[in-house]
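A.B. asks: The structure that follows is given in the form of structure tokens.
What follows draws every value from the coordinates through simple rules; no lab data is involved. Bear in mind the structure is a predicted one, so any value in this text is a computation, not a measurement. Neighbour counts run over all protein chains shown; Cβ positions are idealised from the backbone, glycine included.
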Amino acid sequence: MARKAKTKPGKVSMQDLRKLVNQKAGRNVAHNLTEANPTEVKDWIPTGSRWLDSIICKGQIAGIPVGKITEIAGLTSTGKSYMAAQIAANAQKQGKLVVYFDSESAIDPTFLESAGCVLDDLMYVQASSVEFVLETIEELLGATDEKILFVWDSLAFTPAISDVEGDFNPQSSMAVKARILAKGMSKITLPIADKQATLLVLNQLKDNITSGPLARITAMTTPYITPGGKALVYSYSLRIWLTGRKAKSAFVLDDKGYRVGSEVKVRIEKSRFGTQGRNCAFRIMWGSADIGVRDEESWFDAIKGSDSLTSAGAWYTLKTDNYEKKFQPSKWVALINSDTEFREHVEKIMDEEIIYRFSNRSGNATDFYEEPEDISIPVGKTK
């Protein structure tokens, strides 16, 4: 019997090849990168700090990237939960659903409301185990096409099932959580991108305790680490690290001297958006009526050093081509909130100094990577 002649495949278009791959996968996995695709970040959730939003993505004001996984890690009492609450409130304003996983059972509903969250539109879930959180995220992603912000507070304190059911010997479950997270993150990363959801992971910064001849050098170059394993880091598109001020003026005091807030230093530890290593600073209020980031207050330090802001004694002058305004630092926030023209010129200068100069590589690179000095604006009275 004669063999059947093999037919040569004909010429096909790239569109046909994409259809073939998508049929094989059973869903859309092959995309044209010039069109809408899951790799592109089309939406951002504001962090509550315009300065921070300006240093996250090269060339634009950004925030927490939608469709990606972001980590906010910090030392103790540096405002991780406070920032997460403000991000959750901003996500709700954009029409997104918020699911808040809490491993510490420590979130105060009044605090969330003060930060701007609508409790009826927020799902609070006790994070009983790492496996439970990952499985719940996976199921919710499959159950709806609504855009969801998942907040995990915090990963470091969430146990694995073996931790809960086992004994108190740390050796009996060593590295279990890291292995679970390595597998879990690889499972949910693509669905998060496809559904344009967002996962915000809160984590702890811990001292990097090492030994050996290079211990001192390692401690200086890499002073902090985060729990969860090294594989976890690869799933993050953005890592924001929070550390506290060491100056005596690190706390915000009310008119009676009670501590109602603190100063925070912020560093972009990892960024797939071209801004790794950039820094900013601001104050976070946690003990007064105005809970959250004191945003406008930090703008003064953001543009300090600009040619548009000069000083003479106790007075500063904000000057552009067609505008000039003299003021004292103590009046800065009041001016920002009451003088629309002043605010617009400040925002324009911020964009030029922080976003466009960095994007265009204009000026000295160290200006963008050095840690900012202590916050300059006087605290004044708080309510």
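A.B. asks: By average Cβ neighbour count within 10 Å, what is the ranking of 156-166, 357-367, 286-296 from highest down?
C.D. replies: Details: 156-166: 16.0, 357-367: 11.9, 286-296: 17.9.
Highest to lowest by the protection proxy: 286-296, 156-166, 357-367.
A.B. asks: Among Leu181, Thr136, Ala115, pick out the residue whose Cα is farthest towards the positive end of the charge dipole of the chain, where Lys and Arg carry +1 and Asp and Glu carry -1 on C-beta, about the Cα centre.
C.D. replies: Farthest towards the positive end: Leu181.
A.B. asks: While we're on this one: Using 0.36 nm per residue of separation minus the Cα-Cα distance, give me the extension gain between Asp16 and Ser288 in nm, one decimal.
C.D. replies: That pair, Asp16 and Ser288, stretches by 91.9 nm at full extension.
A.B. asks: Just how large is the dipole of the stretch 67-241 about the Cα centre, in debye to the nearest 20, putting +1 at every Lys and Arg Cβ and -1 at every Asp and Glu Cβ?
C.D. replies: Details: 14 positive and 19 negative charges, 186 e Å.
My answer is approximately 900 debye.
A.B. asks: Separate question: Going down the list Lys58/Lys325; Lys68/Lys265; Lys93/Lys319, which pairs span over 27 Å between their C-alpha atoms?
C.D. replies: Lys58/Lys325; Lys93/Lys319
A.B. asks: Here is a follow-up. Could you sort 264-276, 132-144 so that the peptide with the highest average Cβ count within 10 Å comes first and the rest follow in order?
C.D. replies: Answer by packing, highest mean first, reads 264-276, 132-144.
A.B. asks: May I pose another question? Restricting to DSSP H runs of at least four residues, report the calculated mean residue ellipticity at 222 nm for the chain, -39500 (n - 2.57) per run over all residues, nearest 500 deg cm²/dmol.
C.D. replies: After summing the helix terms and dividing by residue count, I get -9000 deg cm²/dmol.
A.B. asks: For the chain, just the Cα atoms, rotate onto the principal axes and tell me the three extents in Å, largest first.
C.D. replies: Sorted from largest, the Cα extents of the chain read 102, 59, 55 Å.
A.B. asks: Let me ask you something else. Taking the Cβ of each residue in Ile240, Ile303 as the centre, tally the other Cβ atoms inside 10 Å and list the residues starting with the fewest.
C.D. replies: Ascending number of Cβ neighbours within 10 Å: Ile303, Ile240.
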